[in-house]
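S.K.: This is the structure I want to talk about, given as structure tokens.
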Amino acid sequence: MSQPPITDRIKQFLVEHFPSARKHPLAEDEHLLANGIVDSLGILDLVAYLEREFAITITDEDLVPEHFESLSRMAKFVQDRMSVSSH
Amino acid sequence: MDFLIHHMLGASARRLPEKEALVHGGQRLAYAEVARRVGGLAHGLREAGIERGDRIGIYLDASVPQALSMFAVSQAGGVYVPVNGLLYPDQVAYIARDCGMKALVTTPEKLGPLAEALKEVPSLEFLVLVGSSGLIDVPLAVHDFEALCGLTPPAPWPEPTIEKDLAAILYTSGSTGKPKGVMLSHAQVVAGSSIVSTYLRISDQDRILAVLPFSFDAGMNQLMTAFQQGATLILINFVFTREVVQTLLRERVTGLAGVPTFWSLLSQPTSGLQKQPLPHLRYITNTGGAMPQPVLATLRSALPSTEIFLMYGLTEAFRSTYLPPAELDRRPTSMGKAIPNTEIMVVNEEGKLCKPGEVGELVHRGPTVSMGYWGHPELTARVLRPNPLLPPEIADVVCYSGDYVKMDEDGYLYFVGRRDTMIKSSGFRISPTEIEEVLFRSGRLKGAAVIGVPDEMLGQTIKAFVVARDGEHVDAAQLREFCAASMPRHMVPKAIEALDELPKTPSGKVDYPALRRREGL
């Protein structure tokens, strides 16, 4: 059985673990950091989830807002890292 | 003579007009510019209907407008009420109703989800919006923040306010459930700035990075000390602690204040703190709970030339104690001694001074003791009481902290515990009652009791014990989800355990100590 798209899997995690992600349906390009949906503590959980769920390694240098600011950015980042590790 | 909050800004603007006052991302404002915009906004607020003593809410994230608004409300003769940008619409509306808020400064983005709840705030007359506003569904007058900042105030500026007048209300969680507003006068805020800048030796050479919210007394104090001394305050919205470290470096920050959770995050390897010498960083301060010893050790090795000040304060008395950095080796677990011009007493149940080593309640006497809780004279009377050590003929009011402490032979204090059951997690004071109320609202429970469980990162995490109503089944995940839909993240219980019944005291109350013992505490 094929996995749901990366975006949906991340969205599911956000909705389950971040209360403010449930206030309205999350748009793929919605700003999660600037809108306070993911805070400085939550980002640690999120990074740990991405590493576990997608079997990728996220380095210190990857920890910049650009990679995490929206669902679509995160999906792209995860996709890039997955293709790196599969080579 | 400088005796009101905005006088501190005025004096620095006269002395150092071209000096950088506020930095936020690419925005850099000199003191003269800050004072000019604050003057315009103050005039705009008066024109819009603000009168002496009116309460004005400031519901913004860390930003230049947030800092300007506080000083402008002061200059207009009003009372500013900083509301944490993370609060939910119902909580904001509660605060607005509680203090009889006349105006609210916010953004169109924040107003959207809030508009419905604000209809239940009859005192609210107008909004000041930062940023362009589209269609807004509120039956209120709306003013544009930038337009008001551009106004020219009349000269001379009529100013009936005196230092004894109420200047600010800071909302803090109380043991009875709903948040309570702690009232601070101009004199108390100005005294807090003078005292803290004395022992931190803050000058116009300092560049202070503000990571704590201005709705929190220590965060507000950073803004006040910076403007009083003509220092530069740098604002930041961050998610990654790497951004904090990079800002410390780029802005050549000399002073930084945080709460234990912040320091725990900053001492993680991912922050890059350990890789990066920060020779400009003159001091850091911790408040809002004890700094975990491993974190303290990491910070000391990563910041060998930075002085570390451990501080303690409660909003009701603004700021209370600090540990001089030179004492850190000898007494790393101490909360220090009284701040300047302040007397800290350890008092037993009979109202007598405790001997060294004896546990008693911390009682604070000095110019930063607050005016009490807005609208709650009975609660105020419990916290602000006559000085037990002076004859009753001398009407002297002191602040009973509710914190149990002991003092060593040299007068240094050590924290023992909270008198009540307040939980402190990630810098927030959280009332168990408030969480229990939400749990009960699920309709599935007949019993709920919440305690704090020690946690190295957060200070404490929240554990809930629940008892299902007859015929109901408790699903912990469902209950957490219900909580998460009704409360901010920091209030949602991390663990929920179902019990057949809650332990009770002989008088029928929930036996919290028994629950804590269950957790091995």
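S.K.: Any residue at all in segment B:467-477 that is within 21 Å of A:SER20 (Cα to Cα) and of a type outside the set (Gly, Ala, Ser)? Break it down into steps so the answer makes sense when it comes.
M.R.: First pass over segment B:467-477, keeping only residues within 21 Å of A:SER20 (Cα to Cα): B:476-477.
Of the ones still in play, those that are also of a type outside the set (Gly, Ala, Ser) are none.
The answer is no; no qualifying residue exists.
S.K.: Give the residue that is surrounded by the most Cβ atoms within 10 Å (Cβ to Cβ), with candidates limited to residues of segment B:29-75 that are among the aromatic types (Phe, Trp, Tyr) and in contact (Cβ under 8 Å) with a residue 60 or more places away in the chain.
M.R.: Of the residues in segment B:29-75, the ones among the aromatic types (Phe, Trp, Tyr) are B:31, B:59, B:71.
Retained after the next criterion (residues that are in contact (Cβ under 8 Å) with a residue 60 or more places away in the chain): B:31, B:71.
Values: B:TYR31: 25, B:PHE71: 27.
Only one residue fits best here, namely B:PHE71.
S.K.: Kindly provide the set of residues from segment B:106-119 that are part of a loop (DSSP other than H, G, I, E, B) and open to solvent by 50 Å² or more (accessible area, probe 1.4 Å), ordered by number.
M.R.: So the first thing to find is which residues in segment B:106-119 are part of a loop (DSSP other than H, G, I, E, B), and the list is B:107, B:119.
If the condition is that a residue be part of a loop (DSSP other than H, G, I, E, B) and open to solvent by 50 Å² or more (accessible area, probe 1.4 Å), then B:LYS119 is the only one that fits.
S.K.: Name every residue in segment B:409-454 that is β-branched (Val, Ile, Thr) and modelled with pLDDT under 90, in order of residue number. Working first, answer last.
M.R.: Step one: of segment B:409-454, the residues β-branched (Val, Ile, Thr) are B:416, B:421, B:423, B:430, B:433, B:435, B:438, B:450-451, B:453.
Across segment B:409-454, the qualifying residues are B:VAL416, B:THR421, B:ILE423, B:ILE430, B:THR433, B:ILE435, B:VAL438.
S.K.: Taking the residues in segment A:5-22 that are farther than 19 Å from B:LEU479 by Cβ and within 14 Å of another protein chain (Cβ to nearest Cβ) as candidates, determine which candidate is farthest from the chain's Cα centre (by Cα).
M.R.: The initial filter retains those residues of segment A:5-22 that are farther than 19 Å from B:LEU479 by Cβ, namely A:5-14.
Filter again for within 14 Å of another protein chain (Cβ to nearest Cβ), leaving A:12-14.
Values: A:GLN12: 10, A:PHE13: 8, A:LEU14: 8 Å.
Out of the qualifying residues, it is A:GLN12.
S.K.: Any residue that is in contact with an Asp or Glu (Cβ under 8 Å, 6 or more places away or on another chain), assigned to a loop (DSSP other than H, G, I, E, B) and within 14 Å of chain A (Cβ to nearest Cβ) - is there at least one of those in segment B:74-97?
M.R.: yes
S.K.: State which residue is surrounded by the fewest Cβ atoms within 10 Å (Cβ to Cβ) when the search covers only segment B:345-379 and only residues that are within 12 Å of B:MET407 (Cβ to Cβ) and small (Gly, Ala, Ser).
M.R.: Checking each candidate, the answer is B:GLY357.
S.K.: Only one of (1) touching a Ser or Thr at 6+ places or on another chain (Cβ under 6 Å); (2) away from chain A (no Cβ under 14 Å); (3) farther than 22 Å from B:ILE202 by Cβ; (4) among the hydrophobic types (A, V, I, L, M, F, W, C) fails for B:ALA302. Which number is that?
M.R.: Of everything listed in (1) touching a Ser or Thr at 6+ places or on another chain (Cβ under 6 Å); (2) away from chain A (no Cβ under 14 Å); (3) farther than 22 Å from B:ILE202 by Cβ; (4) among the hydrophobic types (A, V, I, L, M, F, W, C), B:ALA302 misses just condition (1).
S.K.: State all residues of segment A:9-31 that are modelled with pLDDT of 85 or more and open to solvent by 70 Å² or more (accessible area, probe 1.4 Å); if no residue qualifies, say none.
M.R.: Of everything in segment A:9-31, those that are modelled with pLDDT of 85 or more and open to solvent by 70 Å² or more (accessible area, probe 1.4 Å) turn out to be A:GLN12, A:GLU28, A:ASP29, A:HIS31.
S.K.: Specify the residue that is farthest from B:PRO213 (Cα to Cα); the eligible residues are those in segment B:254-288 that are open to solvent by 40 Å² or more (accessible area, probe 1.4 Å) and within 14 Å of chain A (Cβ to nearest Cβ).
M.R.: As a first pass, look at segment B:254-288 and keep what is open to solvent by 40 Å² or more (accessible area, probe 1.4 Å): B:268-270, B:274-277, B:279-280, B:282.
When the remaining residues are screened for being within 14 Å of chain A (Cβ to nearest Cβ), the result is B:268-270, B:274-276.
On the way: B:GLN268: 22, B:PRO269: 25, B:THR270: 23, B:GLN274: 25, B:LYS275: 27, B:GLN276: 26 Å.
Filtering segment B:254-288 for residues that are open to solvent by 40 Å² or more (accessible area, probe 1.4 Å) and within 14 Å of chain A (Cβ to nearest Cβ), the one farthest from B:PRO213 (Cα to Cα) comes out as B:LYS275.
S.K.: Taking segment A:48-87 only, how many residues are of a type in the set (Gly, Ala, Ser) and surrounded by 15 or more Cβ atoms within 10 Å (Cβ to Cβ)? Working first, answer last.
M.R.: Here is the first cut: in segment A:48-87, the ones of a type in the set (Gly, Ala, Ser) are A:48, A:55, A:70, A:72, A:75, A:83, A:85-86.
Add one more test, that the residue is surrounded by 15 or more Cβ atoms within 10 Å (Cβ to Cβ), and what stays is A:70, A:72, A:75.
Residues flagged as of a type in the set (Gly, Ala, Ser) and surrounded by 15 or more Cβ atoms within 10 Å (Cβ to Cβ) within segment A:48-87 amount to 3.
S.K.: List pairs: first residue in segment B:468-488 and at the interface with chain A (Cβ under 9 Å from one of its Cβ atoms), second residue open to solvent by 70 Å² or more (accessible area, probe 1.4 Å) and not basic (Lys, Arg) anywhere in the structure, Cβ distance under 6 angstrom, at least six positions apart or on different chains.
M.R.: So the pair list comes out as B:PRO488/B:LEU86.
S.K.: Looking only at strands (runs of 3 or more DSSP E) that lie completely in segment B:120-226, which have at least 2 residues being crowded, with 20+ Cβ neighbours inside 10 Å? First the steps, then the outcome.
M.R.: Values: elements: B:126-129, B:141-144, B:166-172, B:180-185, B:207-210.
Per the criteria, B:126-129, B:166-172, B:180-185, B:207-210.
S.K.: Looking only at segment A:54-87, how many residues end up being hydrophobic (A, V, I, L, M, F, W, C), away from chain B (no Cβ under 13 Å) and assigned to a helix (DSSP H, G or I)? Give the steps one after another, and end with the answer.
M.R.: Applying the first criterion (hydrophobic (A, V, I, L, M, F, W, C)) to segment A:54-87 yields A:54-56, A:58, A:63-64, A:68, A:71, A:74-75, A:77-78, A:82, A:84.
Those left that are additionally away from chain B (no Cβ under 13 Å): A:54-56, A:71, A:75, A:77-78, A:82, A:84.
Pick out the ones that are also assigned to a helix (DSSP H, G or I) and you get A:54, A:71, A:75, A:77-78, A:82, A:84.
Summing the residues that are hydrophobic (A, V, I, L, M, F, W, C), away from chain B (no Cβ under 13 Å) and assigned to a helix (DSSP H, G or I) in segment A:54-87 gives 7.
S.K.: Given B:THR241, B:THR232, which one is within 14 Å of chain A (Cβ to nearest Cβ) and of a type outside the set (Lys, Arg)? Steps first, please.
M.R.: Values: B:THR232 fails: within 14 Å of chain A (Cβ to nearest Cβ).
Among B:THR241, B:THR232, only B:THR241 is within 14 Å of chain A (Cβ to nearest Cβ) and of a type outside the set (Lys, Arg).
S.K.: Would you check if there is a residue in segment B:476-495 being in a strand (DSSP E or B) and either more than 30 Å from the chain's Cα centre (by Cα) or buried (at least 18 other Cβ atoms within 10 Å of the Cβ) (or both)? I'd like the intermediate steps shown before the answer.
M.R.: Filtering segment B:476-495 down to residues in a strand (DSSP E or B) leaves B:495.
If we keep only those that are either more than 30 Å from the chain's Cα centre (by Cα) or buried (at least 18 other Cβ atoms within 10 Å of the Cβ) (or both) too, we end up with none.
Looking through segment B:476-495, none of the residues is in a strand (DSSP E or B) and either more than 30 Å from the chain's Cα centre (by Cα) or buried (at least 18 other Cβ atoms within 10 Å of the Cβ) (or both).
S.K.: B:GLU434 fails exactly one of the following numbered conditions: (1) within 25 Å of A:VAL15 (Cβ to Cβ); (2) out of contact with any His (no Cβ under 9 Å at 6 or more places or on another chain); (3) more than 14 Å from every other protein chain (Cβ to nearest Cβ); (4) open to solvent by 40 Å² or more (accessible area, probe 1.4 Å). What is the number of that condition?
M.R.: Against the list (1) within 25 Å of A:VAL15 (Cβ to Cβ); (2) out of contact with any His (no Cβ under 9 Å at 6 or more places or on another chain); (3) more than 14 Å from every other protein chain (Cβ to nearest Cβ); (4) open to solvent by 40 Å² or more (accessible area, probe 1.4 Å), B:GLU434 comes up short only on (4).
S.K.: Checking the structure you have, find out if any residue of segment B:14-28 is in a loop (DSSP other than H, G, I, E, B), open to solvent by less than 30 Å² (accessible area, probe 1.4 Å) and at pLDDT 95 or above. Break it down stepwise before answering.
M.R.: The initial filter retains those residues of segment B:14-28 that are in a loop (DSSP other than H, G, I, E, B), namely B:16-19, B:25-26.
Still in the running and open to solvent by less than 30 Å² (accessible area, probe 1.4 Å): none.
No: zero hits.
S.K.: For segment B:313-332, give me each residue that is of a type in the set (Phe, Trp, Tyr) and either out of contact with any Asp or Glu (no Cβ under 8 Å at 6 or more places or on another chain) or free of Cβ contacts under 8 Å to residues at least 24 places away in the same chain (or both).
M.R.: At the first step, the residues of segment B:313-332 found to be of a type in the set (Phe, Trp, Tyr) are B:318, B:322.
Correct list: B:TYR322 only.
S.K.: Based on this model, can you work out whether B:GLU307 counts as of a type in the set (Asp, Glu), over 16 Å from B:GLY427 (Cα atoms) and within 14 Å of chain A (Cβ to nearest Cβ)? It would help to see each step written out before you state the result.
M.R.: Working: of a type in the set (Asp, Glu): yes; over 16 Å from B:GLY427 (Cα atoms): yes; within 14 Å of chain A (Cβ to nearest Cβ): no.
No.
S.K.: Right, B:ALA449: part of a strand (DSSP E or B) and more than 14 Å from chain A (Cβ to nearest Cβ) or not? Before the answer, list the steps.
M.R.: Working: part of a strand (DSSP E or B): yes; more than 14 Å from chain A (Cβ to nearest Cβ): yes.
The answer is yes for B:ALA449.
The values are calculated or read from the model by the stated rules, or taken from the named source; none is laboratory data. Only a predicted model underlies this, so the values are computations on that prediction, with no experimental measurement involved. FYI the Cβ positions are ideal-geometry reconstructions off the backbone, even for glycines, and counts take in every protein chain you see. Ligands, DNA and RNA are stripped out before the accessible areas are found, and what is left, the full protein with its side chains, is counted by its heavy atoms. Shrake-Rupley method; radii C 1.70, N 1.55, O 1.52, S 1.80 Å.
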